[in-house]
Protein chains: 2
Amino acid sequence: MTHRIPLGWTMNGVACGIRGASGEPGRRDVAIWYSDRPAVAAGVFTQNLVFAAPVALCRERLPHGHNTNLRAVVACSGNANACTGDRGYADAVEMTHLVEKGLGLNTGSTLVASTGVIGRFLPMDQVRQGIGEACATLGHTPVSLDNASHAIMTTDTRPKVSSRTVSLSSGETVTLLGMAKGAAMISPDMATMLGFLFTDAPLDSTQAHQILLISSKRTFNCLSIDGHTSTNDTVLLLANGAARPNINLEGSELEDFAKAVHEVSAELAGMIASDAEGATKLVFVEVEGARTEADARKIAKAIADSPLVKTAIYGADPNWGRIVSAAGYAGVPFDASKLSLWMDGLPLYLEGAPAPFDATAMSAHMRHQKTLVFRLALAEGTHGCRLATCDLTPEYVRLNSDYTT
Amino acid sequence: MTHRIPLGWTMNGVACGIRGASGEPGRRDVAIWYSDRPAVAAGVFTQNLVFAAPVALCRERLPHGHNTNLRAVVACSGNANACTGDRGYADAVEMTHLVEKGLGLNTGSTLVASTGVIGRFLPMDQVRQGIGEACATLGHTPVSLDNASHAIMTTDTRPKVSSRTVSLSSGETVTLLGMAKGAAMISPDMATMLGFLFTDAPLDSTQAHQILLISSKRTFNCLSIDGHTSTNDTVLLLANGAARPNINLEGSELEDFAKAVHEVSAELAGMIASDAEGATKLVFVEVEGARTEADARKIAKAIADSPLVKTAIYGADPNWGRIVSAAGYAGVPFDASKLSLWMDGLPLYLEGAPAPFDATAMSAHMRHQKTLVFRLALAEGTHGCRLATCDLTPEYVRLNSDYTT
C-alpha cells in the first residue's frame, strides 16, 4: 500500500548498532522525522510511575501535553532508556541536541522516544553516529517511510503504518500519516507504546491535544496484549499546517480531521493487537450495558488480561466460564444473574444460565477464524467499550523467556 | 509423612464418574469429611461476583462467616457447579441432603465445595451414587486421608496436606489437619481455592472465624498463580472440640492454636504455588517500605501477575526492568527514584539506578534455584507483604488451551 506523505515532512531510519548488542547488527534502530517548518505537537504518555527518560523529557517539552514550534522527533529501538537514572536523562537530552545540531534547529524543538530493554544505558557512541548519519540523509534522500517505520520495531514482525487524506470544504486536502510499534509490554490506561502521527493540517496545539486525547482513549488505550503497562508508552501528533498555512481547521473540517486521527489510531491499534508477540488471533472484547464507560473498560480489561481466557482462545476452546468469571472479579458491581455472553453472535450464556451449544462446532469455528468478537452484556446501564487483545501462546512464552540473555 | 488425624474426624474419597467425562474414569472425585459430634465452623470465600452454587449455600449455612452444629463437608472435583443458575443451586443443596441422609445428620449440618469446569451441570446420577458409597464407607473403613486429599485434586500433580499438633498448657494436645487443592485460576483477594482445616480443638465459632480470617489474609490470600480469581474459592475451618470437650481455648492456648492455623495455611499455600499448572519455580515477591500492607500487596500482585515477569523467571532471565516497571503500574503512589530491588539478596536496582551485576552468573543462579525471592524496597513507610507465585511456562499454556475440549 502506498501512503501519501504530509507536506513539509521528511523521515528516515538508519542502523547505528544499538541492536548489535542483541545480535542484529544490520537492523535499523534510529528514526528521525523532520518538518521543514514549525509544527504544533501534542503527546500522551504512559501512566506508569516508573517512566523512561525520553518520556520525562517529552513531558517537559509539552507542558500541559502540547506545545508549538516543534520541528523533529527522534526515536531509537533496542534500548528503552528506562530505569537509567540521571545518566539516562542526560542521554535523552543529548539525543535531541544531536538532532537539533544536525538539522540546524532551535534547542528544545525535538521530541524523543525509545523502546527496548529496560535498565541499560544507551550506547551513546553508536547513537551519536546514527543520529549524525540520519540527519545527513534527511536533506538529500527521498523520504523513507519504510526505513523509519522499520527502525522503531522491536519484536514486531511487520511495520505498522496507516494514513488518511481529508478533503476540506475549502477545496484543499490535508494528509495524516501514522506509524506505531507494539508487540508486548502493552496494556491500556495510558497512551500505549510508540505511536507517531504527522500531518500537514493547520491546527492549534490545544486542538491537537484534544483530538489526540479523545482518539487515544478509545484506540491505543483500548488495547491490551499482556496487561503490563510499559515505562515508555508515547503517542505524538505533530501538525505543521503546510497544507494550508495560516488558517486553522475549525467546525466540520476539524471534526473530519479528528475522525481521520481516530481511524488511523484505531487501525494502528488493531495492527498492534494482531501482531502481538506470539499471537495467532485478534480478539475484540465488547462490554455493553455498563453504568459507565470506565466500568465497561475495567471488565473488558479483566477479561482480556486473564491468561486463562487467552490460552482457551489459543486452544480454540469455547470455555466461556473463564470469561464470565473474569468479569466477576473486575471490581465493578453488577447483577450476575443478568449476565449474557455471545461469541461472534452465538449465545454462550444467557441471563445467568448456560446456553446449550455444540462445543465441537464452536471449537471448529474458533479454530478457523483469525478474529473473534466476544460480547458481554450487563443490565446496569447504557455504556460500553470495545477492547482489542490477542491470545496467549507458547510462542509468547518462548519470546519472553529469553529476551535479555 | 504421616499426619495425625484430629479426634472425632473421619474422611474418605471415592470415584463416582464426574471425571469420567474428562477421560479419567477411575479417578477419585468425591470427598466427605465427618465429625462424630457437632463442630463449630468458619469459612472464607471468593470475592468474585460470579460465585458458584456451593459458595452460595455455604454462605447461607455460615451466617456472618461462622456457625455451630456442623457435622460434615462434601466436595467434588471435575465440575465447579458455577454459572449453573437455579438448577446448580438445587444440585448443591441435594449434595448436602444426600450426606445428611447417608450419615443420619440434621438438615443443614453439611457444607459443600466444588472445583472444576465452569458452566456445566453436575451429573447428579453419578454424584448420588458417589455420595452414597462414601457415606457407607465412613462408618467402617479406616480414615483415608489419602483418598480424601486426592479426590479434591484437579490439575494438581500431588495432594496437599499439612498438620500440626499443639500442646496445651493443661497437658492435652489438639491436632489440626489441613488439605487443599490449587493448580490454576488462583489469585488473591479472597479465600483462595479449596482449603479444608479440621481440628479437635475446642473453639467457639467466632474465634474460629477470626483465626481463619487473619491466617487466610496472609497465606491463601497472598498467593497468585495467574491473577484469575475463581468462582469457587473456599477455605473452611471446622473444630469439634473432641480433644477437650467443654473448655474452650483461650489466652496463650488460643494464640498457639492460631499460630498452627497460620503455619498449616502457609504451608498449603506454598504447596499450591509450587504445584501450579506448568510451574517450574516457586517465587516469593516481598515488598517492604510501603505506606500500608494493602499498598504492598497491590504492588506484589502487579509483579506476580505480569506475564512478562513470569516468563523471564521461567527463562532464567534477570530482566529486572520488568519487575520494577510492574511496580510502577500497580496503582500505588511512590517515589520511583527511591526504589531498590534484590534477588536472593543480590542487588539488581538501587535507589532508582541499575546495580551492576554479572548477567551470566545471575542467570545461572536463577536456572539452578527451585525457589527465588525478589525483594522490592520502597521508601514510603514501614509496611510489607510476602506473596507466593510461580513462573509462566509453555506447559501452563498447553494445559489451559485444551481444558474443556
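The values are calculated or read from the model by the stated rules, or taken from the named source; none is laboratory data. Because the structure is a prediction, the values reported are computed rather than measured. Using ideal geometry, Cβ is built from the backbone for each residue, glycine included, and neighbour counts are taken over all protein chains shown.
Here is a check on your reading of the model: is A:S265 away from chain B (no Cβ under 14 Å), under 11 Å from the mean Cα position of the chain (by Cα) and at negative phi? It is true that A:S265 is away from chain B (no Cβ under 14 Å), under 11 Å from the mean Cα position of the chain (by Cα) and at negative phi.
In segment B:291-322, what residues are at pLDDT 90 or above, within 7 Å of another protein chain (Cβ to nearest Cβ) and part of a helix (DSSP H, G or I)? Selection gives B:T311, B:A312, B:Y314. For A:R398, the conditions (1) surrounded by fewer than 19 Cβ atoms within 10 Å (Cβ to Cβ); (2) in contact with a Leu (Cβ under 8 Å, 6 or more places away or on another chain); (3) charged (D, E, K, R) all hold with the exception of (2). Residue count for segment B:324-343 under the criterion of being in a loop (DSSP other than H, G, I, E, B), surrounded by fewer than 21 Cβ atoms within 10 Å (Cβ to Cβ) and more than 8 Å from chain A (Cβ to nearest Cβ): the result is 2.
Regarding A:T360, is this residue under 30 Å from B:R87 (Cα atoms), at the interface with chain B (Cβ under 9 Å from one of its Cβ atoms), under 25 Å from the mean Cα position of the chain (by Cα) and in a helix (DSSP H, G or I)?
no
Of all residues in segment A:59-84, those that are without any contact (Cβ under 8 Å) to a residue 40 or more places away in the chain have Cβ atoms under 6 Å from Cβ atoms of residues that are of a type outside the set (D, E, K, R) and surrounded by fewer than 24 Cβ atoms within 10 Å (Cβ to Cβ), 6 or more apart or on another chain, in A:R71/A:L105; A:R71/A:S109; A:T84/A:F121. Looking across B:N106, B:N147, one residue alone is polar (S, T, N, Q), modelled with pLDDT of 95 or more and surrounded by fewer than 24 Cβ atoms within 10 Å (Cβ to Cβ). It is B:N106.
One residue stands out among those in segment B:19-49 that are crowded, with 24+ Cβ neighbours inside 10 Å and of a type in the set (A, V, I, L, M): the one that is nearest to B:K217 (Cα to Cα), which is B:V44.
Of everything in segment B:46-80 that's assigned to a strand (DSSP E or B) and in contact with a Phe, Trp or Tyr (Cβ under 9 Å, 6 or more places away or on another chain), which residue is farthest from the other protein chains (Cβ to nearest Cβ)?
Out of the qualifying residues, it is B:R71.
Within segment B:260-306, restricting attention to residues that are hydroxyl-bearing (S, T, Y) and closer than 19 Å to B:T393 by Cβ, the residue that is surrounded by the fewest Cβ atoms within 10 Å (Cβ to Cβ) is B:T280.
Scanning segment B:275-285 turns up at least one residue that is touching a residue at least 12 places away in the same chain (Cβ under 8 Å), farther than 28 Å from A:G119 by Cβ and either out of contact with any helix residue (DSSP H, G or I) (no Cβ under 8 Å at 6 or more places or on another chain) or within 13 Å of another protein chain (Cβ to nearest Cβ) (or both). Residue selection: A:S77 satisfies the criterion of being in contact with a Leu (Cβ under 9 Å, 6 or more places away or on another chain) and closer than 24 Å to A:P159 by Cα. Kindly provide the set of residues from segment B:96-132 that are under 23 Å from B:L49 (Cα atoms) and not β-branched (V, I, T), ordered by number. Listed by number, the residues that qualify are B:L111, B:A113, B:S114, B:G116, B:G119, B:R120, B:F121, B:L122.
Matching residues to (1) in contact with a Leu (Cβ under 8 Å, 6 or more places away or on another chain); (2) buried (at least 23 other Cβ atoms within 10 Å of the Cβ); (3) at pLDDT 85 or above; (4) within 14 Å of another protein chain (Cβ to nearest Cβ):
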site	(1), (2), (3), (4)
B:V161	yes, no, yes, no
B:E172	no, no, yes, no
B:G178	yes, yes, yes, no
B:M185	yes, yes, no, yes
B:D189	no, no, no, yes
B:D200	yes, yes, yes, no
B:L213	no, no, yes, no
B:K217	no, no, no, no
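The set of residues in segment B:370-393 that are more than 19 Å from the chain's Cα centre (by Cα), assigned to a strand (DSSP E or B) and either hydrophobic (A, V, I, L, M, F, W, C) or more than 14 Å from B:F284 (Cα to Cα) (or both) comprises B:L372, B:V373, B:F374, B:L376, B:A377, B:H383. The single condition among (1) within 12 Å of another protein chain (Cβ to nearest Cβ); (2) farther than 22 Å from A:V397 by Cα that B:V397 does not satisfy is (2). Scanning segment A:226-238 turns up no residue that is surrounded by 24 or more Cβ atoms within 10 Å (Cβ to Cβ), in contact with a helix residue (DSSP H, G or I) (Cβ under 6 Å, 6 or more places away or on another chain) and more than 30 Å from B:S306 (Cβ to Cβ). Among the residues of segment A:134-156, those identified as more than 13 Å from A:M179 (Cβ to Cβ), more than 15 Å from the chain's Cα centre (by Cα) and in a loop (DSSP other than H, G, I, E, B) are A:T141, A:P142.
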